[in-house]
Structures are given as structure tokens and as C-alpha cells.
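This report concerns only the one structure given below.
The values are calculated or read from the model by the stated rules, or taken from the named source; none is laboratory data. No experiment lies behind these values; they were computed from the predicted model shown. Cβ placement follows ideal geometry from the backbone for every residue including glycine, while neighbour counts extend to all protein chains displayed.
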Amino acid sequence: MMADRRRINGPPGGTRPAVFASNSQSGTGATTRAQRQRQPSELRKIFLKTGLIPTASGSSYLEFEPSASLAAARANPKSLIPPSSALKLACTVHGPKPLPRSAAFSPNLVLTTHVKYAPFAARRRKGHIRDSSERDLGVHLETALRGAIIAERWPKSGLDITITILEAEDDRWWGDAPDSHDASWGMMNVLAGCITAASAAIADAHIDCLDLVAGGVAALVSDESAGSSAAPKLMLDTDPAEHRSILSACVVGYMPARDEITELWLKGDSSKASLEDGDKRTGHEALIDGAVDAARGAHTVLAEAVRESLLSAVGQL
Amino acid sequence: MPSGAGNTMSTSLPPVAIPGQRLGSVSVYAAGPGTHVQQANIYASIAGPVVVDPAQPKTQTKSTLRVSRILPGISQDVVAAPLAPAKPKPRYNTLPAVDSIVLARVTRVQKRQATVSILVVLDNATASTGDLSKLASDNDNVASILTSAANPENHSSTDELRFQALIRKEDVRAVEKDRVVMDEMFRVGDIVRGSVISLGDQSFYYLTTARNDLGVVMARSEAGNMMFPVSWKEMRDPVTGTGEQRKVARPF
């Protein structure tokens with residue numbers, strides 16, 4: 001990672017509060033893992049509102065409902081460490097604005113996406129300079145949006161989409177030791193949230209697009225109670241803190257009106273899925289279908305948020 | 001919705017649309033701005049009120065379906081409820097296109113061309129009536145945009161964010177093109193009404209002022225006072241009484 005030479009940098013390893021084993025295994029219930037209270041196909045509630053930033057041509061704010069165990073931990077705090085975190089992010093759209101002088105002529109809209117974690121967004125602090133995972137999210141987001149925007153209607157202009165993540169999903173429960181199933185699962189939820197929020201902000205900026213593209217996540221999760229031998233099950237909108245091991249996960253950017261996928265990101269081993277009897281789909285097909293279902297759910301919220309801001313602007317609300 | 005008038009010929013249209021919402025079939029309507037066509041159906045591509053423009057008997061047979069960027073409710077509400085708290089009005093971006101009328105501020109005058117930065121793109125409807133006070137979109141505060149732009153203190157602060165354009169020497173006026181002296185046509189800081197003739201190259205649009213209604217609309221004299229036009233090529237300072245040469249737009 002490139003070092004930020006203009007600031008006094010903190011230690012590169014981050015500042016994670018020390019957790020002592022005796023504390024985390026005390027059995028008081030304060031530090032038990034968050035349990036998924038939802039049905040496998042049930043999504044978390046989404047808060048989405050557009051037009052909150054007056055200086056931007058379009059903006060949106062998105063928040064996922066914190067899991068039930070987090071609410072319980074807040075009501076009856078036994079530990080200072082929250083059991084799980086929920087996604088909170090803000091998206092701004094600037095433009096269409098002229099391209100920089102150095103840029104070549106473009107007959108289309110030039111899309112630029114920036115995704116940045118706030119330093120305090122994750123349990124591990126992030127630096128001021130975008131690291132590779134943030135750049136990666138930016139590229140994925142650009143792919144998801146590029147398929148939805150009608151770029152030829154905005155010649156010679158650029159559109160900047162900036163997302164600030166205020167609170168990110170965990171990659172695993174904080175009390176777990178790293179193991180072989182570890183991957184940046186939380187990043188996939190973040191990407192789904194980014195896609196939905198950016199789509200709302202673009203609609204708020206009145207940029208022509210084919211459809212409101214929504215993000216959705218599905219994952220194959222191995223059931224804890226049945227032991228590790230049980231075949232993994234498909235769950236929608238997984239909170240990584242609620243599961244001991246996620247085997248594979250999938251994010252899609254999906255346009256319901258056209259039944260098209262603009263972005264697909266599949267990670268992990270999806271070969272050993274236990275589906276219902278008679279379900280002939282392979283694991284990754286089921287995973288993609290699940291993510292599309294989650295995106296359809298997010299789209300209803302997205303459409304409602306866009307319609308709400310439109311109606312309040314028209315003055316009919 | 002008053003804008004929904006004239007849609008009796010088909011299934012009812014929604015009053016407002018969001019991107020991706022199906023509005024009608026291409027066999028009934030023609031697709032206008034703010035919509036796109038997918039598999040013989042018209043879909044909305046921006047969020048806004050659905051407007052049906054009735055068919056022009058001579059040129060088209062189908063009425064045009066479009067999604068407006070302008071929110072009609074705002075101006076009507078102001079009339080209906082003058083005591084309502086003034087909400088911050090939404091701003092929409094309109095890109096300059098060929099033939100659109102723009103208001104621009106002169107940033108640089110050279111021998112062969114003048115560089116301007118585009119402040120406002122006027123809508124077709126408003127440009128034809130010329131009534132700036134009836135603008136309902138983001139341009140409804142044209143007056144404030146112009147006064148702040150004409151103020152020397154605000155110069156060069158936001159030029160990077162605006163679209164740049166060129167007025168070439170031969171596009172300044174329609175007659176005696178070879179006798180044009182750019183210094184006698186524009187000065188830095190003038191507000192010019194121009195028409196876009198080309199999207200131009202990577203960095204500049206091309207404007208023309210070769211019409212009677214195009215040219216300088218607001219200018220300050222050397223003394224710094226706002227001048228009034230006295231002829232198509234002269235403006236005068238009301239305080240000192242001295243005249244200065246400009247390519248003046250015909251006042252409405």
C-alpha cells in the first residue's frame with residue numbers, strides 16, 4: 001500500500017481493541033455470536049432516502065437494519081463491543097460536468113466511481129488513501145452501473161459517483177479466530193448496498209438509465225447445529241457475523257424490468273449446495289438465483305424511495 | 001395531473017414514472033425525451049411526470065410520450081400557496097446541444113476567438129418566449145445566476161465546473177464577418193446569449209452570436225457600472241455617459 005506522506009500515519013496494523021480470552025468465553029451471553037433470526041429468504045429491512053446532500057446533483061443514504069442481536073445487546077449491554085455491525089453508506093453524484101481538459105473527446109458519459117471507507121467504518125481502521133479493496137469495489141460498482149446508464153445521451157461529460165461507507169459489514173464474527181473459510185464476505189454486502197444506493201442517487205440526479213439497478217447478496221452457509229458435515233444451505237442477504245462459515249457468496253446488480261444482470265461476483269466453493277428435492281440447479285445457479293431474488297427485494301425499496309422523492313418534489317405528497 | 005390530458009386513447013398512463021417503468025407501446029405513442037424503447041415498449045429512463053404531447057397533424061401520426069425533467073408542481077404550488085415555506089428547488093442538468101440557446105460569461109478575448117463558460121442552457125420552450133421569469137427548471141433562478149456571474153468577485157471561481165465554449169471571429173455576426181474586431185465585440189465578464197453550432201472538440205463547444213437576438217446581454221463598463229444597450233453595436237454607461245462597443249443582443 002502506498003503510504004500517505006502528508007499525514008502522521010497510525011500503526012499499519014490498525015487499532016483493534018484487545019479482547020481477552022477469559023472475557024470472550026465467560027458464558028454470560030454477552031459475547032455469544034449473533035444468531036440469524038430471519039427466514040433463509042428474508043431480507044433485512046433497508047432504509048433508503050435520496051436528495052439529502054444539497055450541493056450534489058444527486059445523492060442517497062442507505063442503511064441496513066441491524067440484526068436483532070445487536071438491538072438486544074444495546075438494550076442490555078454486557079460488552080462494549082457490538083456483536084455485529086450493519087451497513088450505512090452515503091452516495092453522491094456530481095455531474096454531468098465537463099471533462100477535464102486533458103481528457104480525450106468522448107461521445108458518451110464518462111463514469112467515475114469512488115468507494116471509500118470512513119476510517120472508523122470497520123473494526124479494522126482504514127487509511128486515508130484508498131486501498132486495493134476499495135478500488136476493487138469501485139470497479140465492481142462501475143461495471144454494475146455502466147450497464148444501466150444510457151451513456152450516449154450525455155456526450156462530452158463526466159459523472160462522478162462517490163460513496164462513503166460509514167459503517168461496513170463484518171467479514172466474520174469478531175470473536176471468531178480466522179479460519180480457512182475466511183474471505184471478505186462483508187465486502188460483498190457492501191457492494192450490494194453501494195449498487196442500490198448509487199442507483200437511487202443517479203435517479204435523483206436525473207441521469208437517463210434503463211432501469212433502477214439493485215444489488216443483492218446470497219450465500220451458501222453451512223449449518224452449525226448439524227455440524228460441519230451437513231451440506232450448506234442457501235440464504236439471502238447474509239450477515240457474515242451471524243454465521244460460522246460462509247462457503248460461497250454471490251452479488252448481482254440486477255435490473256428487474258429487463259431481467260438483466262449487469263454485475264456478477266461469485267466467490268468461494270458453491271459445489272456442495274443442498275437444495276430441495278427435485279431441484280436440478282447446480283450450486284452456483286441456485287446462488288445466482290438467490291442473489292437475484294435478494295436484488296428484487298431491494299428494488300422494491302429502491303423504487304419506493306425514488307418515487308417518494310419524486311412525489312414530494314412534485315408536491316403531491 | 002394536468003399534464004396527463006389527451007391520453008384517452010389508451011390504457012391510463014401513470015402520472016409520474018420512475019426509471020424502468022413501462023409507459024406504453026410504440027404502436028400507440030412515439031418515444032420522446034426521458035424515455036427509451038425496449039422490445040416495442042416505451043420505458044421511462046428518468047424519474048419525473050409523464051407528459052403526452054399531442055400529435056402534430058402534419059408531421060407525425062402518434063402523440064409523443066415523454067418524461068419531463070421539469071416538475072410542474074413547483075411553480076403551481078407557489079401560485080396556490082404563496083405562504084408555503086420556500087423549499088430548495090431541485091436543480092437539473094441540461095447539456096448544451098446543437099441549436100440550444102445558452103447564456104455564457106466571457107472569460108477570455110483573443111484576436112480570433114473569445115472563450116466563454118456556459119452558465120445556463122435555456123430550454124426550447126423558454127428560449128422561444130424569452131420570458132426568463134417563467135422558467136420552471138433549474139434555470140428558474142437565472143437572474144441570480146447572472147447577477148452572481150456578472151459580479152467581478154465571482155469570476156474564475158467555478159469555471160472548471162462549467163462547460164467551456166468558443167465564439168470564433170467569423171461566428172460573431174452575420175454581416176461584414178471579415179471586419180470583426182474581437183475587442184470591440186466582447187470584453188471579459190460580459191454575459192452573452194449564444195446559440196450552439198457544434199459540440200466541438202474535446203474541450204470546447206462552439207457558439208455563434210450571428211443573429212439579431214444573440215450577443216451581449218449584460219456588460220459592465222470600464223468604470224464598473226452596468227451598461228444599457230443603445231444600438232446593435234454600442235452600450236452606454238448610465239453614470240459616466242461613455243459608450244462602449246459590443247455585439248449587442250436585441251432586447252426583447
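Observations on the structure shown:
- Boolean, residue A:137 is assigned to a strand (DSSP E or B) and more than 14 Å from chain B (Cβ to nearest Cβ): no
- Residue match in the stretch A:267-281 (condition: within 14 Å of chain B (Cβ to nearest Cβ), modelled with pLDDT of 90 or more, surrounded by fewer than 20 Cβ atoms within 10 Å (Cβ to Cβ) and not in a helix (DSSP H, G or I)): no
- Residues that are farther than 14 Å from residue A:312 by Cα, modelled with pLDDT of 50 or more, in contact with a Ser or Thr (Cβ under 7 Å, 6 or more places away or on another chain) and within 14 Å of chain A (Cβ to nearest Cβ) within the stretch B:71-99 comprise B:92, B:93, B:95, B:98, listed in sequence order.
- When the stretch B:100-132 is filtered for residues that are at pLDDT below 90 and charged (D, E, K, R), the ones remaining, listed by number, are B:123, B:131.
- Filter pass, residue A:201 being of a type in the set (A, V, I, L, M, F, W, C), under 19 Å from the mean Cα position of the chain (by Cα) and surrounded by 16 or more Cβ atoms within 10 Å (Cβ to Cβ): yes
- Residue that is surrounded by the fewest Cβ atoms within 10 Å (Cβ to Cβ) [pool: residues in the stretch B:178-205 that are more than 14 Å from every other protein chain (Cβ to nearest Cβ) and in a loop (DSSP other than H, G, I, E, B)]: B:181
- Pairs with Cβ under 8 Å, 6+ apart, first in the stretch A:67-80 and surrounded by fewer than 11 Cβ atoms within 10 Å (Cβ to Cβ), second at pLDDT 75 or above and in a loop (DSSP other than H, G, I, E, B): none
- Top-ranked residue in the stretch A:236-263 [being in contact with a Phe, Trp or Tyr (Cβ under 9 Å, 6 or more places away or on another chain), of a type outside the set (Asp, Glu) and part of a loop (DSSP other than H, G, I, E, B); ranked as nearest to residue A:192 (Cα to Cα)]: A:238
- Hits in the stretch B:157-177 (condition: without any contact (Cβ under 8 Å) to a residue 60 or more places away in the chain and assigned to a strand (DSSP E or B)): B:164, B:166, B:167, B:168
- Flag if residue A:103 is surrounded by fewer than 17 Cβ atoms within 10 Å (Cβ to Cβ), within 14 Å of chain B (Cβ to nearest Cβ) and not in a strand (DSSP E or B): yes
- Annotation for the stretch A:64-72: no member residue is within 30 Å of residue A:270 (Cβ to Cβ), aromatic (Phe, Trp, Tyr), in a loop (DSSP other than H, G, I, E, B) and away from chain B (no Cβ under 14 Å).
- Candidates A:252, A:292, A:301 - the one that is among the β-branched types (Val, Ile, Thr) and within 14 Å of chain B (Cβ to nearest Cβ): A:301
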